[in-house]
Amino acid sequence: MDIKNQLKARYELLDKLSRKTAEKLREYPEGSIKIKKCKSGVYYYRSDMPERDRIIPKNDINLVKQLAQKNYLEAVLKTSSSEAAFLNQVIENYPDLTSEEVYSHLSDDRKQLVRPILLPDDQYIAEWQSKPYKTKPFRNDDPVYITMRGERVRSKSEMIIADRLYANNIPYRYECPLIINGILIHPDFTILRIPDRKELYLEHCGRIGDEDYSDDFVERINLYSDNGIVVGDRLFLTFETVNKPLDVRTIDRLISGVFTQEPLL
């Protein structure tokens, strides 16, 4: 149903764009522009007469721009109207029940008899988050930072990241163990991207000015890469120094642009 809602949102956007563009086109002069280039330069022709095109004087650049803008808007109107018409057909024929929702529509008696092959998002998320795991232990002298979800993290910046994820309903695990090439590591955040149900990793480099820490961090990133988990695909990084704290807007951009949206192929 989320796909159908996205299709509806796209249709409404295109419908609004088409109406706005059609209204804007009324402000422009008649005709269209043709551009011809030769050795002596570029020439503009106004094509609004059936029998011939008329050259536009070079000092009338305003008319040239108006006609060019008009032709652009006409192309936008044509493509947006075509896409909107296609989406409208898809929406009208979209099934009321998706494959993921078949299980949730079964009676309780039937649910006890079958094993679902596809789970609805909410049930998939619940099962993903309920799987137990063991985080790294804290030392006695470690500072205490508690997230909105009630878990303990290692720094104020990690608390901010966790709280932003939680506030935006992004499923995550903090310091969930991961074995790469036989080496056990604990990614700061393992994130479930719901649209494609893929696990992503977010590592926060909080002491970039510390040479030993930075060396270990680079070695960790290389370990990810050796296992096919590369930066910008499934691995994402945030940084801070003593003088440059974590920019919360970076987290928000990752949430809106990566963690909640399936990437285009």
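If you take the beta carbon distance between residue 208 and residue 52 as r and set R0 to 51 Å, what does 1/(1 + (r/R0)^6) give as a FRET efficiency, to the nearest 0.05?
On the way: r = 67 Å, r/R0 = 1.32.
The pair residue 208/residue 52 has a calculated efficiency of 0.15.
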Exercise for the section: Work out the charge dipole of the stretch 132-259 with +1 on the Cβ of Lys and Arg and -1 on the Cβ of Asp and Glu about the Cα centre, then indicate which of 255, 227, 194 is farthest towards its positive end. Expected result: 194
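How do 153, 231, 242 line up, fewest other C-beta atoms within 10 Å first? Spell out each step's value before the answer.
Numbers: 153 25, 231 13, 242 9.
Least crowded to most crowded, the residues run 242, 231, 153.
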Handout entry: Unit charges on C-beta of K, R, D, E only; dipole of the stretch 2-93, Debye
Key = 480 debye
Problem - Packing-based exposure ordering (other Cβ within 10 Å, fewest first) of 40, 256, 81, 47 - result: 40, 256, 47, 81
Problem - Among 198, 111, 36: highest mean-square fluctuation, GNM of the chain, C-alpha pairs under 10 Å - result: 36
Problem - Selected from 9, 47, 107, residue furthest toward positive end of dipole (the chain; charges at beta carbon) - result: 47
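Among 186, 204, 105, rank each residue by its count of other Cβ atoms within 10 Å, from fewest to most, as a rough exposure measure.
Values: 186 15, 204 23, 105 10.
Least to most surrounded, the residues fall as 105, 186, 204.
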Practice task
Subtract the Cα-Cα distance of residue 179 and residue 145 from 0.36 nm times their separation in residues, and report this length gain in nm to one decimal.
Solution key: 9.6 nm
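Just to confirm a number: summing +1 for Lys and Arg and -1 for Asp and Glu over residues other than residue 159 whose beta-carbon lies under 14 angstrom from that of residue 159, what do you get? Kindly include the intermediate steps, with their values, before the conclusion.
Numbers: positive: 149, 152, 154, 156, 164; negative: 142, 151, 158, 163, 175, 188, 240.
That works out to -2.
Take the Cβ-Cβ distance between residue 71 and residue 9 as r, set R0 to 22 Å, and report the resulting FRET efficiency rounded to the nearest 0.05.
Working: r = 29 Å, r/R0 = 1.30.
Efficiency, from the Cβ-Cβ distance: 0.15.
Based on DSSP loop calls and a cut-off of at most 11 other Cβ atoms within 10 Å, the longest stretch of the chain free of exposed GluC sites (Glu not before Pro) is what? Walk me through the numbers on the way to the answer.
Values: sites that count: 27, 30, 51.
Answer - 52-265.
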Fill in the blank from the handout: With Cα springs under 10 Å, the Gaussian network model of the chain assigns the largest mean-square fluctuation among 31, 41, 206 to 41
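Every read-out reported here was derived from the displayed coordinates using simple, explicitly stated rules and does not represent laboratory data. Please read these numbers as outputs of a predicted model, since none were measured by experiment. Every residue, glycine as well, gets a Cβ built from its backbone with ideal geometry; the counts of neighbours run over all protein chains shown.
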